[in-house]
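Worksheet: the structure to be examined is printed underneath.
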Amino acid sequence: MAGETNDGALWGARFRQGPSPAMQALSQSTHFDWRLVPYDLAATLAHARELGDKGFLSAGDVELVSAALSEIGRDYEAGTLVPAESDEDVHGALERILIDRIGVEAGGALRAGRSRNDQIATFVKLYMRDSAKHLKSLLLDTADTLLSRAGEAGDAVMPGRTHYQLAQPVLLAHYLLAHAWPLVRDITRLDDFLARNDVSPYGGGALAGGGIGLDAAAISKALGFSAVSQNSLDGTSARDGVAEFLYVCAQIGVDLSRLAEDIIILSSGECGYFLLDDAYSTGSSMMPQKKNPDIAELTRGKSGRMIGNLTGLMATLKALPLAYNRDLQEDKEPLFDSVDSLTLILPAFTGLLATLGFNLEAMAKNATTGFALATDIADVLVQKGMPFRTAHEVVGKLVALCEERGLDLAEVSDEDLAAISPQLTPDIRQVMSAEASVARKAGIGGTAPDRVSEQAKALQEALEALR
Ligand code: ARG
């Protein structure tokens with residue numbers, strides 16, 4: 001109706017008619033912004049108190065509002081608070097609900113000195129703060145699981161690869177820890193993000209700042225922020241923080257996806273190094289024998305979607321003039337999708353890792369195949385004084401001879417070794433085992449058992465510090 005606020009919206013009086021159904025359908029965001037209700041309620045409570053402090057709301061009305069907000073919060077938790085069809089967004093819905101419960105006198109007073117533009121920018125930051133902390137604890141669980149599985153693996157060896165070709169033996173523990181360190185860096189990325197996110201845009205109004213003398217710092221403090229945005233145009237329209245958070249989510253996805261890819265390949269029939277637990281794998285509708293690594297595959301798949309969420313938002317942001325534009329509403333669905341994806345992926349992935357079986361025998365058997373000890377022999381020649389270029393050629397010839405005769409390195413006779421180079425004396429056989437090979441990699445960060453134990457201790461300390 002002309003001259004009045006539209007139902008469930010926060011505007012309308014200057015319009016001669018309400019929005020068309022198509023306009024309404026496009027504009028509506030309650031189906032995704034409903035999860036921001038708790039933040040809206042918290043900010044509205046702090047706002048009401050500030051309005052009371054500055055004399056815009058009586059003490060009685062502050063009490064009335066506060067009690068109603070708690071009740072609405074309880075209904076939300078119980079799942080009984082639902083948006084009406086006419087509600088435009090979470091803000092409009094909550095004003096409608098508040099007015100239904102306590103009347104327009106107090107319920108209609110709370111919009112003073114704020115705008116949906118500063119509210120939504122603030123609520124998204126509050127949502128990201130909670131989400132970052134939750135994701136951090138899930139990631140710590142995943143990293144802890146890799147650490148404890150590495151402990152169980154002891155000195156077991158496996159084939160290490162480059163270019164996906166067999167390269168050099170490594171400890172299984174070394175390999176498992178290699179997948180934990182990126183997660184540690186992701187956790188520190190979340191911490192870095194949380195520090196930068198800790199500035200409140202609340203009080204910026206629609207764009208120019210609040211005009212009725214409210215203390216934005218008091219409201220920001222009540223919401224747990226340590227600082228208020230220095231520029232209302234920036235505060236209400238910046239979403240680089242959302243992009244940063246989506247990057248961290250995408251990076252977590254990519255890091256998990258690399259491990260997922262390994263698990264898929266290493267649990268395949270041809271490798272058989274990893275065995276999937278029944279509770280963390282699925283079957284086939286047609287092939288009765290199948291056991292599939294769906295957790296790893298869905299992780300790999302969803303990581304692609306999370307990259308899309310980041311790039312999609314950045315494309316939305318790149319040509320936006322200052323200050324607020326409605327395009328910014330498009331920040332929420334990718335944000336929620338990435339958080340939801342990781343919230344699903346991480347516990348499943350942690351379970352997959354915790355229950356993964358290791359076929360140590362198969363790994364040990366292949367740890368030295370593909371002439372994986374060739375570099376060790378070259379290193380021994382260097383230690384005897386040979387230039388590495390020459391040693392590389394000598395061992396290259398040895399490998400060629402093995403290939404020609406279908407032999408393994410250790411099967412070449414003393415005479416044949418000596419014929420290739422007088423330096424290839426029988427004592428080089430000492431290095432021809434996976435155990436000897438890994439023990440030699442004793443430099444910092446190397447795969448020698450002592451170094452790996454130190455590494456595990458360093459990882460444990462890093463995780464404890466982050467927790
Ligand atoms: N729902 C909007 C968003 O998510 C906030 C509303 C701002 N609307 C407006 N007409 N200024 O960004």
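Computed from backbone phi with θ = phi - 60° and the Karplus coefficients 6.51, -1.76 and 1.60, the 3J(HN,Hα) list for the stretch 232-249 is 5, 5, 5, x, 7, 10, 6, 10, 4, x, 5, 4, 4, 5, 5, 4, 4, 4 Hz; x is used for glycine and proline. Across the stretch 1-131 the C-alpha pair distances fall into 5 Å bins from zero in the proportions 2, 10, 20, 23, 21, 14, 7, 2, 0 percent.
Comparing Cα centroids, the stretch 308-343 and the stretch 433-467 end up 41 angstrom apart. With one equal scatterer per alpha carbon and no solvent term, the Debye-computed log10 I(q)/I(0) for the stretch 401-446 at 0.14, 0.24, 0.31 1/Å reads -0.43, -0.88, -1.10. For the stretch 296-310, backbone phi angles converted through the Karplus equation (6.51, -1.76, 1.60; θ = phi - 60°) give residue-by-residue couplings of 5, 5, 5, 5, 4, x, 5, 5, x, 5, 5, 5, x, 4, 5 Hz, Gly and Pro being listed as x.
At q = 0.18 Å⁻¹ the log10 of I(q)/I(0) for the stretch 128-287 amounts to -1.13, computed by Debye summation with a single uniform scatterer per C-alpha, solvent ignored.
Amide H contacts for residue 359 (H built 1.01 Å from N in the peptide plane; partners 5 or more residues away or on another chain; cut-off under 5 Å): 274, 275. The H on the amide N of residue 15, modeled in the peptide plane, is under 5 Å from the matching H of 3, each at least 5 residues off or on a different chain.
If one computes the Cα centroid of the stretch 182-198 and of the stretch 238-276, what distance in Å separates the two points? If we compute the Cα centre of each part, the gap is 18 Å. Peptides 202-211, 159-168 ranked from most to least packed by the mean count of surrounding Cβ atoms within 10 Å: 202-211, 159-168. From the largest down, the stretch 136-225 spans 70, 28, 13 angstrom on the principal axes of its Cα atoms. Take the convex hull of the alpha carbons in the stretch 253-292; its mean projected area over all directions comes to 3.4 nm². Taking a straight Cα-Cα cut-off under 18 Å and skipping sequence neighbours fewer than 8 places away in the same chain, the aspartates and glutamates within cross-link reach of residue 221 are 40, 50, 53, 118, 130, 198.
Amide hydrogen proximity for residue 56: with H placed 1.01 Å from N in the peptide plane, no residue at 5 or more positions away or on another chain lies under 5 Å.
Here the stretch 75-132 is described by how far its Cα atoms reach on the three principal axes: 37, 31, 19 Å, from widest to narrowest. Put simply, when 452-460, 45-53 are sorted by average Cβ atoms within 10 angstrom per residue, most first, you get 45-53, 452-460.
In the chain, inverting the average of 1/r over every pair of distinct C-alpha atoms gives 26.6 Å as the Kirkwood radius.
Rounded to the nearest Hz, the phi-derived 3J(HN,Hα) couplings of the stretch 316-330 under the Karplus curve 6.51 cos²θ - 1.76 cosθ + 1.60 (θ = phi - 60°) are 4, 7, 5, 10, 7, x, 6, 9, 5, 10, 5, 3, 5, 4, 6, where x marks glycine and proline.
Convex hull volume of the Cα atoms of the stretch 263-366, normalised per residue: 142 Å³.
Read-outs throughout are calculated quantities, based only on the coordinates presented, and are distinct from any laboratory measurement. None of these values were measured; they are calculated from a predicted model. Here Cβ is always computed from backbone atoms with ideal geometry, including for glycine, and neighbour counts include all displayed protein chains.
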